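Chemist: Just dropping this structure here.
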Amino acid sequence: MESTEEEGSVILIDESESENSVLLVEDSEEFPLQEENTDEEVIVTFCKRAKVMPHARYDCPTYPFERVECEKSFPLGRNVETCSQCHCYICDKLTAECKNWATPSLCHCNAHNKSKYWKDQWNSALTGGLSAFNLELPEIDADVRCGGMLLQKFMGDVSVEYNKYLSGESISSDFHECLCYQNLAPGQCGECRCHLPCIAHRFSSYTSVSDLVMAFVDQAEKERPKAEVFMLLGAAREIALHKDLTPYSRTSGHLASPNQAVPCLMSRITGRLQRLLVLNDFPKALYDKLTCFYQSIPLPVHCYTFADSLNFLPWDHGLLTSVLKGQNITGKRKHKRKKECIWEIVPVIEARIERMEDCRQYKELVRYLKVVKCSDSKWIQKWRDKLPFYMCKSGDFAGAAYALFTSYPGNGCTARRLSLLQFKVYLKMFCTGQTPSGRDLEDSTQWHPVGAPLKLHFLLKQIFRLLYSNTSLYTDPKSWSSVIMAFASHPALGADGRLIAATLKEPSQEFQEMVLGESCVMEELASNDHANVALKKVFGLGSPLEAGLIIVVQGVQEMVLEQYRTLHSFLEIMLAFGNNLWALKLLLEPLVSHKEVLRSVVSLLLAELCCQKAEMLGQLQHFGPQYVGELLCLFLKSRNRYMPLIGTSIINIIVENLHVCPWAKQVGKFLQKVMKPFGQEAYDVSSSVALLQNSLQAEALED
């Protein structure tokens, strides 16, 4: 029988033989044909050696293989030797491509399919380190598989580094003297161990393992959430199994030994895991498997504090859900005869806040922060201070105004801790019904409307209540200037997020007296709820902004009379009135009867005009000649000997900057006409007007 296939093997069949009827004939060069074969009916003219197909190393027909259950420290026998078709059982690659073929602590050359250990390694390689998570096939998507593959590589790398740490160096010491007092050679005493040599092991530093884990965690944080969570859980399990073989040694560096390094690494890993599980909506089945996997990690004694790190309420927990929906306002309940409350750690609370902020769930966030408990009372109070801000973001401005004065045990109310910037932002939100688009009060670059602003009578009462509860705000002129600007502006914001100044018509003398008569002492207004009735009556008579500004002026007067000795600015207050000089006049007139107060205010204002000429000049240029003329007349026409000094100082600023004051000539003519009857009587008025006129003439001659 002859093979007709060029590449096929030749099989001879002898029907006369009963059992061995198949004879494989090797290549004719190695096995030449015998002469007696020429007499047979079948003559073999060509044969070829059988081709060796790809196979696992343990099935190699060329080199013998030695099998044991688990040996990964060094290659056994001739297991490291391979033919050209040998494949790694774990990697499913040619042995030449296996990076861990003979690597100590891995040794893939010893792997075979009869060992449970190596089968588990093979399963882990197929799923990328995910076999321990007991995942179903539909749960392994692209992100999970990516995390598993990275985890598998990390497990191999960290095993190598950890093995290096364990190997270290061994140093043999001298034999100890026998304690049983027998004259025996070392090693001969069966009762005293001191005859045995004392072997001291000097282990290498754990730093290389720590650095590898830290680098892996850094890499995990750059991956997608699903991949990251599997990577971090796998890393936590790996380092939890590491032993510190020199627990009493003094090593340098906080990552030099497992007892020092593992808690640090676990702290970072668990912190990230907490954020991942809170911020992401993992399917419930997967979420349960992740938390169960973490609970199964055999934590060492020095890591017991992390045992309950992932034991916090899931989003679908009954108590948490009822609180977020507003069905439970206490955050407590009885469940199976046990009292439950929402007690959570700082990283979990931070993650919940971040998620609700991202989803704009401000009402839910307010309900959560009101009831959640935390061991760090100062930290949680910092977030509770933002409750009024979150209420404003949800459109509940009235609730926010009340929340500023809500007290918590040991911390007082939020109003007492407000900074000047925060006060200004709240004031702007209450007046306009708009809120900053950012997450913080200080992030006020962009604003958008969310609801109706507060009614003026309620706004005024809450403002004075806030000022009288916060000493730093009450004594700061910038606080009062911001209140003046709020009532001297339109109830809307410009494109730049600033209040738009309004020019209010001066009310009649009768209206002013009526408002001042109905309004009571400011401190009483802030504390007495019955004052709302009087305020509603005042604001119901028409001209609400004018009425509000008159009452604010009264509050500023009281503050100046109390704080004039420590007052550090009055220019802020003066400029805040803008074009409403009638209100500024209403503020200054009562001060004339208090000589010491007026002298202190004028001295302060003159000093500020000397140092802040640019601010004053900017105000003059913004409002124009009509404003400048009326402002100068307000001071120059005063019968008090100190007030005209302010007008003179303003004229000096104009004279020094005539090149940027094209309206100065109009102001000069206005003053010459208006001030003529007062020139001889008012203090230094004629000389001030003359100075402005002479400067204008000199500039005209130069031109």
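Every read-out reported here was derived from the displayed coordinates using simple, explicitly stated rules and does not represent laboratory data. Quick caveat: nothing in here was measured; it's all calculated off a predicted structure. Using ideal geometry, Cβ is built from the backbone for each residue, glycine included, and neighbour counts are taken over all protein chains shown.
Chemist: Amide H neighbours of Ala56 under 5 Å, at least 5 residues apart or on other chains, H built in the peptide plane: list them.
Modeler: Here the answer is His87, since their amide H atoms fall under 5 Å of that of Ala56.
Chemist: Remind me, what semi-axes does region 399-496 give for its equivalent ellipsoid, largest first in whole Å, using sqrt of 5 times each Cα gyration tensor eigenvalue?
Modeler: Sorted largest first and rounded, they come to 21, 16, 13 Å.
Chemist: Test of understanding: ordering Met149, Met231 by Cβ neighbours within 10 Å, fewest first, what list do you get?
Modeler: Working: Met149 17, Met231 26.
The fewest-first ordering by Cβ neighbours comes to Met149, Met231.
Chemist: Could I ask something else about it? If packing is taken as the average number of other Cβ atoms within 10 Å across a peptide's residues, how do 280-288, 448-456, 222-230 rank, most packed first?
Modeler: On the way: 280-288: 13.4, 448-456: 15.3, 222-230: 19.4.
My ranking of the peptides, most packed first, is 222-230, 448-456, 280-288.
Chemist: Based only on other Cβ atoms within 10 Å, what is the fewest-to-most ordering of Thr471, Thr414?
Modeler: Result, fewest neighbours first: Thr471, Thr414.
Chemist: Another question about this same structure. Using the structure shown, select from Lys373/Lys393; Lys72/Lys114; Lys325/Lys382; Lys51/Lys153; Lys505/Lys595; Lys72/Lys243 the pairs with a Cα to Cα distance greater than 27 angstrom.
Modeler: Details: Lys373/Lys393 23 Å; Lys72/Lys114 15 Å; Lys325/Lys382 23 Å; Lys51/Lys153 35 Å; Lys505/Lys595 30 Å; Lys72/Lys243 19 Å.
Lys51/Lys153; Lys505/Lys595, as the Cα separations exceed 27 Å there.
Chemist: Using a Förster distance of 56 angstrom, determine the FRET efficiency expected from the C-beta separation of Asp218 and His622, and round it to 0.05.
Modeler: Here the calculated transfer efficiency is 0.60.
Chemist: With a ≥ b ≥ c taken as the square roots of the eigenvalues of the C-alpha gyration tensor of region 426-472, please select rounded if a/c is under 1.5 and otherwise prolate if a/b is larger than b/c or oblate if it is not? Write down the numbers at each step before the final one.
Modeler: Values: a/c = 3.97, a/b = 1.41, b/c = 2.81.
Note, shape of region 426-472 comes out oblate.
Chemist: Do any trypsin sites (Lys or Arg not before Pro) in region 294-334 lie in a loop, going by DSSP, with at most 11 other beta-carbon atoms within 10 Å of their beta carbon, and if so which? Don't skip to the answer; put the middle values down first.
Modeler: On the way: sites: Lys325, Lys332, Arg333, Lys334; in loops: Lys325.
Qualifying residues, ordered by number: Lys325.
Chemist: For a footprinting-style exposure proxy, rank Phe312, Phe487 by other Cβ within 10 Å, fewest first.
Modeler: Details: Phe312 21, Phe487 27.
Starting with the residue having the fewest Cβ neighbours, the order is Phe312, Phe487.
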